Amino acid sequence: MAFSTPISSSCLPRLHSHLSANDAASETKSRVCLSSASSLVQHSLNYKASFPSHLQRRESYNLKVSASITTGLHLTRFSLITFYAYYCCTIWFESPFLLLSFLSDVSINETPMKSSIAKGDTWSIHKFGGTCVGTAQRIQNVAEVVMEDSSERKMVVVSAMSKVTDMMYDLIDRAQSRDDSYEVALDAVFEKHKLTALDLLDGDELSSFLSTLSLDISNLKAMLRAIYIAGHATESFSDFVVGYGELWSAQMLSAVLRKGGIDCNWMDTREILIVTPAGSNQVDPDYAESEKRLKNWLLQNPSKAIVATGFIASTPQNIPTTLKRDGSDFSAAIMGALFRARQVTIWTDVDGVYSADPRKVSEAVILNTLSYQEAWEMSYFGANVLHPRTIIPVMRYDIPIVIRNIFNLSAPGTKICRSPVNEQQEEKQKLETYVKGFATIDNLALVNVEGTGMAGVPGTASAIFGAVKDVGANVIMISQASSEHSVCFAVPEKEVNAVAKALETRFRQALSAGRLSQVAVIPNCSILAAVGQKMASTPGVSATLFNALATANINIRAIAQGCSEYNITVVVKREDCVRALRAVHSRFYLSKTSIAVGIIGPGLIGATLLNQLRDQAAVLKEKSKTDLRVMGILGSRKMLLSDIGIDLSKWKELQEEKGEKADLEKFVQHVHGNHFIPNTVIVDCTASTDVANNYHDWLRTGIHVITPNKKANSGPLDKYLKLRTLQRQSFTHYFYEATVGAGLPIMHTLRDLLQTGDKIIRIEGIFSGTLSYIFNNFVDGRAFSDVVKEARAAGFTEPDPRDDLAGTDVARKVIILARECGLKLELSDIPVQSLVPDPLKETASVDDFMQQLPSFDADIANKQQAAEDAGEVLRYVGVVDVTNQKGLVELQRYNKKHPFAQLSGSDNIIAFTTERYNKQPLIVRGPGAGAEVTAGGVFSDLLRLAKNLGAPSF
């Protein structure tokens, strides 16, 4: 309804009576001049009356008031509003509700106040999502974060409390469905906010908020009742209802900040942010109009802290709307651009942006920085970063966005900005940094349109994608070879049937004529995207990516790489997606010295090795970037497998609780088949011939082998030669340092001598820690059997001491050294002097052997006495006579000044006589037995493997 009426002179006394002294004093500052050069003028004010701004009901009341005022009369804003209140209340409005609406939205031409609106670096923008303000305690935590911000001015953009937006949509759904329970659901919304306010506020702030909340709930009940009756709610009406959650969050947080002594106002961003619908689920901000409204709002609400509603905005027609998906982030970015802020901080519940989805890749790391373009690409391809549109507003002014965790303030977060110069320089030194992250999109299908009739025909691609557009499908990726024989593109799987039908209809004639051969659909696909600035122009990045996928046995269905140089996109089978993601991530983010370790035989040596790895793995990873990750432990009965690495602090408990039946083949497949660690090693800590027989197959499939097991190198010569030939022809390593001297560097020393061109003449040594201990203590007339019994009790012997006394173990070490020197000898070619009396070799039990051994002490006692009389000692040694191409194991006598006579305990000693070390042999001496030193030798081989990865094997 429209009104147009003159104001008569009889109204003026009543108008003047409302002018206060303050009004008169302020006339020169802000005035509405209703005069002109003539004695009387007509000054028209057009007003569109509506419900209050927080209700945003848009039923229009168009009022045109023409006022005739005496020349020279000036009215302040307050006196003019008072006039309108009096005039409207006495004449037109019966409802004070409509009156308040009228007064709150009245538009008056007034001279702007001279006040500078501060913008720029003095402002920082914070955005807190629903999780951050989900409870009273969390809102209090947010307030503390804001108060600790040292910025001169700050704006805080808040979402609705967690779950509230869903609750509001549920209210609308229930009302539309004519479900009476919407009233109960609305009461739950009221109680949630009421209880939160009671925890946070007190006094006038609490009373004011609860009053507003009650009024809002009453109005919502009326609105929902209208929806209930109509059975339908328009999109704008739904947007308006949903926006209440943000209003309440903003009001509560601003009250908490004021309670904490912060000069703070709250802002309904529907009064500021103007957006225009731009297609499905998209809006475009009107920056010019929004900036104009922001300036006016700041003039009327000066403060150094503002709490603004996220997610909600208005159309140019002042109709409530939302910013759609991730709208609160978008609100913060827009505000950052409007204020030209120093920084926009997005507070979430994660420490920053990950290099990959941590739910799929446990090794994903927090990225320190991302360029705008990198963040944009990762967001597009499904990474939980920011919606691409969120980045657009801040890019214009180079405003950085920082992603931080409200629940972990110590984490610095991820900074999204233009790529810093120093980072560009660092990237030149390091290939991995060119690939910042990996993202995936699931539930896709490929559509392949192919045919010889497509080649060189203009408009084919336009026709294809025109048909796709007609069905409203979203094309995620496009790939076309230069032959133009086919066009392949990816669409969401739920849309592929409609796309296929549209293409078959569009190209029915071409398909019938054979110009197109098929429109093929490949379902169950996923996209994997590697994102990084300038990575495409860096040699080797693509090769590394595809090699990682090939190593993981991933078949690539399609490839796309744009000239923007920011991403390489591949399409893989859906079931291969996680495996592909882990494979490429590990290749770029894990150290090249990351090794998947499988340990067979968690007995005395194996268990000790596991404990050593437990104590040292973290240090190695930090200091030398060597990641030794135990993926499996295989015992004789049970095995323990892990996809990410076994917790070595409790591997025994885990093996008991989660262990499965031992299966060597499955064990090896698991350890080698993880696909996200580039290197695999099997550590055989057994003495099993059966396990050793697998070494050749493992090496052939690219699995490195480390072992203290002597069976492979001392077994049949042809198998040994075949094994060593395979090793030398590949880049797969086979280390066996602990097979001869436990932790002593015997094999390493021998290889160094040979590889540097020295010629070995003779190797002689005490290779058995057990026999070293026995003969070092076989002195002063002690009985040989007593010394053996003592060694057994101390744990120096095998469970059956005959295994040591027979000399077979020493013979195996001799044959290993002989073969290393190039001698083609079988174990049977080595004569061995056994210390087990012949009558006791077949004794059934160990106990029987130990009981009968004293009866044979005399023979060896005589030998010991003869050596003593000659000033010598007895030592059990192994000899490799390279010159004469033979070896032997026997009991020999040495002068007491000889190095072999100087041993103590269970030490081993080996003497290398070579052309270089001829007059004085090269001596290696130290502990040669025991679980600690043997496991240490195996550990040394693991580290040697890490250093030699990628190098030829010897």
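The values are calculated or read from the model by the stated rules, or taken from the named source; none is laboratory data. Since we're looking at a predicted model, the values are computed, not measured. FYI the Cβ positions are ideal-geometry reconstructions off the backbone, even for glycines, and counts take in every protein chain you see. Side chains included, ligands, DNA and RNA excluded: accessible areas come from the protein's heavy atoms. Shrake-Rupley method; radii C 1.70, N 1.55, O 1.52, S 1.80 Å.
What number comes out for the charge environment of Leu253, summing +1 per Lys or Arg and -1 per Asp or Glu over other residues with Cβ under 11 Å away?
Taking every Cβ under 11 Å from that of Leu253, the sum is +2.
Under the classification rounded if a/c is under 1.5, otherwise prolate if a/b is larger than b/c and oblate if not, where does the stretch 864-917 fall, given a ≥ b ≥ c as square roots of the Cα gyration tensor eigenvalues?
Verdict is prolate for the stretch 864-917.
The stretch 765-820: Rg/Rh from Cα coordinates, Kirkwood Rh?
For the stretch 765-820, the value is 1.03.
Defining a contact as two alpha carbons under 8 Å apart and six or more residues distant in sequence, what relative contact order in percent does the stretch 304-403 show?
29
With coordinates expressed along the principal axes, the C-alpha atoms belonging to the stretch 430-555 extend over 54, 31, 27 Å, beginning with the largest.
Amide H contacts for Ser730 (H built 1.01 Å from N in the peptide plane; partners 5 or more residues away or on another chain; cut-off under 5 Å): Ser953. For Asp349 and Ser904, FRET efficiency with R0 = 60 Å and r from the beta-carbon atoms, rounded to 0.05? FRET efficiency, Ser904 to Asp349: 0.45. Taking 12 Å as the straight-line reach from the Cα of Lys154, the aspartates and glutamates in range (excluding those fewer than 8 positions away in the same chain) are Asp121, Asp263.
With a simple spin-label model that places each label point 7 Å from the Cα along the Cα-to-Cβ direction, the separation between Thr689 and Val365 comes to 4.8 nm.
Note on Ile478 and Glu890: the extension gain reaches 140.7 nm, defined as 0.36 nm multiplied by sequence separation minus the Cα-Cα distance. By a straight-distance test (C-alpha under 15 Å), which aspartates and glutamates pair with Lys863 as possible cross-link partners, with residues fewer than eight away in the same chain excluded? Those aspartates and glutamates meeting the cut-off are Asp780, Glu872, Glu890. Summing +1 for each Lys or Arg and -1 for each Asp or Glu among the other residues whose beta-carbon sits under 15 angstrom from that of Asn908 gives -1.
Do the alpha carbons of any pairs in Lys623/Lys650; Lys436/Lys666; Lys813/Lys841; Lys436/Lys494; Lys661/Lys719; Lys192/Lys494 sit beyond 27 Å of each other, and which pairs? Distance filter (> 27 Å) returns Lys436/Lys666; Lys436/Lys494; Lys661/Lys719; Lys192/Lys494. Shape summary of the stretch 615-699, radius of gyration then Dmax from alpha carbon positions: 13.5, 38 Å.
Can you give the extra length, in nm with one decimal, that the chain gains between Arg396 and Ser208 once fully stretched, where that is 0.36 nm per residue apart less the Cα-Cα distance? Walk me through the intermediate numbers first.
Numbers: separation 188, 0.36 × 188 = 67.68 nm, distance 3.99 nm.
Here the answer is 63.7 nm.
Under 18 Å of direct C-alpha separation, and excluding same-chain neighbours fewer than eight residues apart, Lys194 reaches these lysines: Lys163, Lys221, Lys259. Couplings 3J(HN,Hα) for the stretch 126-139, derived from phi with the Karplus relation 6.51 cos²θ - 1.76 cosθ + 1.60 (θ = phi - 60°), are 10, 10, 10, x, x, 5, 5, 10, x, 9, 4, 5, 5, 4 Hz, where x marks Gly and Pro.
Would you mind checking the pairs Lys324/Lys501; Lys360/Lys658; Lys625/Lys759 and listing those with alpha carbons more than 29 angstrom apart? Intermediate results must be reported in sequence, preceding the final value.
Details: Lys324/Lys501 31 Å; Lys360/Lys658 22 Å; Lys625/Lys759 37 Å.
Exceeds cut-off: Lys324/Lys501; Lys625/Lys759.
Our estimate of slack between Lys719 and Asp752, defined as 0.36 nm per intervening residue step minus the Cα-Cα distance, is 9.4 nm. Counting Lys and Arg as +1 and Asp and Glu as -1 over every other residue whose Cβ lies under 14 Å from the Cβ of Leu922, the net charge comes to +2. Amide hydrogen proximity for Asn405: with H placed 1.01 Å from N in the peptide plane, the residues at 5 or more positions away or on another chain lying under 5 Å are Thr348. Residues whose amide H comes within less than 5 Å of that of Thr680, counting only those at least five positions distant or on another chain, are Ala596, His704 (H built at 1.01 Å from N in the peptide plane).
Taking only the Cα atoms of the stretch 120-205, the radius of gyration and Dmax are 16.4, 52 Å.
Along the Cα→Cβ direction, 7 angstrom out, place labels at Thr122 and Ala463. What is the inter-label distance in nm? Between Thr122 and Ala463, the label points sit 6.3 nm apart. On the basis of the beta-carbon distance and an R0 of 22 Å, Ile644 and Arg614 show a calculated FRET efficiency of 0.90. Descending by average beta-carbon neighbour count within 10 Å, the peptides 397-405, 437-445 line up as 437-445, 397-405, the highest first. Shown in residue order for the stretch 412-419 are the 3J(HN,Hα) couplings computed by the Karplus curve 6.51 cos²θ - 1.76 cosθ + 1.60 at θ = phi - 60°: x, x, 10, 9, 9, 7, 5, 4 Hz (x for Gly and Pro).
Glu148 exposes around 140 Å² of accessible area when a 1.4 Å probe is run over every protein chain in place. Applied to the stretch 471-481, the Karplus parametrisation 6.51 cos²θ - 1.76 cosθ + 1.60 on θ = phi - 60° returns per-residue 3J(HN,Hα) values of 9, x, 7, 9, 8, 8, 8, 10, 9, 9, 6 Hz, with x for Gly and Pro. Pairs of Cα atoms in the stretch 255-296 fall into 10 Å distance bins, from 0 up to the last occupied one, in shares of 26, 31, 27, 14, 2 percent.
For the stretch 725-860, the residue among Gly741, Ile815, Gln755 whose Cα projects farthest onto the positive side of the dipole built from Cβ charges is Gln755. Distance between the modelled labels on Lys661 and Ile229, one decimal in nanometres: 7.3 nm (7 Å Cα→Cβ projection). Computed from the C-alpha gyration tensor, the three semi-axes of the ellipsoid equivalent to the stretch 903-954 are 26, 21, 5 Å, from longest to shortest.
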